[in-house]
Structures are given as structure tokens and as C-alpha cells.
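*Asks:* The structure is given below, and queries will be raised subsequently.
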Amino acid sequence: MDTTVSCSASALLDTWSSHSWTEGVQLENMQDMETLTVRTENSTYEITVICGRAGEILVRGGRFFPEFTAARLAGSSLGGSFLKLRGIYVGFNLEIHFDRRLIITSRVRKIAVAL
């Protein structure tokens, strides 16, 4: 008897290693106090970088962050076990830690540097 096991493309290392990573930003490449506006499928977030190398941010937006809240951006994922650390990328979900909770956003649609 043949058995077929399907696997999401997001769970394959080849998918991640071959991704161009051009439609996004890495927090460690941003200046402290620089602010991004991130539009997801369901919400808009304002994210201010406190310490990019540590992923420390202030975030406001969506139903979990009605006012600026200190948090840590773990990174971006496709819902699988791989995470692009401290990155924000179009088409990916953000994973944000605060108050011992993990918030996973809907997929990012647009990223802009706030002026």
C-alpha cells in the first residue's frame, strides 16, 4: 500500500533558502526610534524600533495593541516551524511576543517607513 504525505511548502527548508527576501526589512538594519507602518490582511500596525538587534519594539494596532505597547518582534513566518528572525516581510505573518503571549498577525500586505 502506498502512502502519500503532503507537506506545506512553508515547512520545506528549500522554500526558505531559495526565497529572495527582498520585500521586507530586518530590524537590525534599522535605526533605533525609526517607525514602520505595516498593513496586514486584517489590521494596520505602527511599529517603532527600540533596539533592532534584540527585536525590541513599541507596537500599536490591531485588536491586541490599542495603544503603544512594549513588545519583542520574534520575526516572520508562514505558519510553519521556520522563522525569519527579527524580519518583517510581505506575504508572511508577524510573530510578536508581549506579556508572556505570542500574537501572530495575518499576512503582511505592505510595509512603509513612517515619516
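*Asks:* Within segment 68-89, identify whether any single residue is closer than 16 Å to GLU23 by Cα and in contact with a helix residue (DSSP H, G or I) (Cβ under 7 Å, 6 or more places away or on another chain), and answer yes or no.
*Replies:* First, pick out the residues of segment 68-89 that are closer than 16 Å to GLU23 by Cα: 75-78, 83-89.
Applying the additional criterion that residues be in contact with a helix residue (DSSP H, G or I) (Cβ under 7 Å, 6 or more places away or on another chain) yields 78, 86.
Checking segment 68-89: at least one residue is closer than 16 Å to GLU23 by Cα and in contact with a helix residue (DSSP H, G or I) (Cβ under 7 Å, 6 or more places away or on another chain).
To keep it simple, each residue is scored yes or no on (1) surrounded by 13 or more Cβ atoms within 10 Å (Cβ to Cβ); (2) modelled with pLDDT under 95; (3) in a loop (DSSP other than H, G, I, E, B); (4) not aromatic (Phe, Trp, Tyr).
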site: ASN42; (1), (2), (3), (4): no, no, yes, yes
site: TYR45; (1), (2), (3), (4): yes, no, no, no
site: LEU58; (1), (2), (3), (4): yes, no, no, yes
site: PRO66; (1), (2), (3), (4): no, no, no, yes
site: ALA70; (1), (2), (3), (4): no, no, no, yes
site: GLY80; (1), (2), (3), (4): yes, yes, yes, yes
site: GLY91; (1), (2), (3), (4): no, yes, yes, yes
site: LYS110; (1), (2), (3), (4): no, no, no, yes
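*Asks:* Under 6 Å by Cβ, and 6 or more places apart or on different chains, what pairs join a residue from segment 26-38 that is part of a loop (DSSP other than H, G, I, E, B) with one that is surrounded by 18 or more Cβ atoms within 10 Å (Cβ to Cβ) and among the aliphatic types (A, V, I, L, M)?
*Replies:* MET30/VAL49; ASP32/VAL49; GLU34/VAL49
The values are calculated or read from the model by the stated rules, or taken from the named source; none is laboratory data. Bear in mind that the values here come from a model prediction, so they are computed numbers and not experimental data. All Cβ positions, glycine included, derive from the backbone under ideal geometry; neighbour counts span all protein chains shown.
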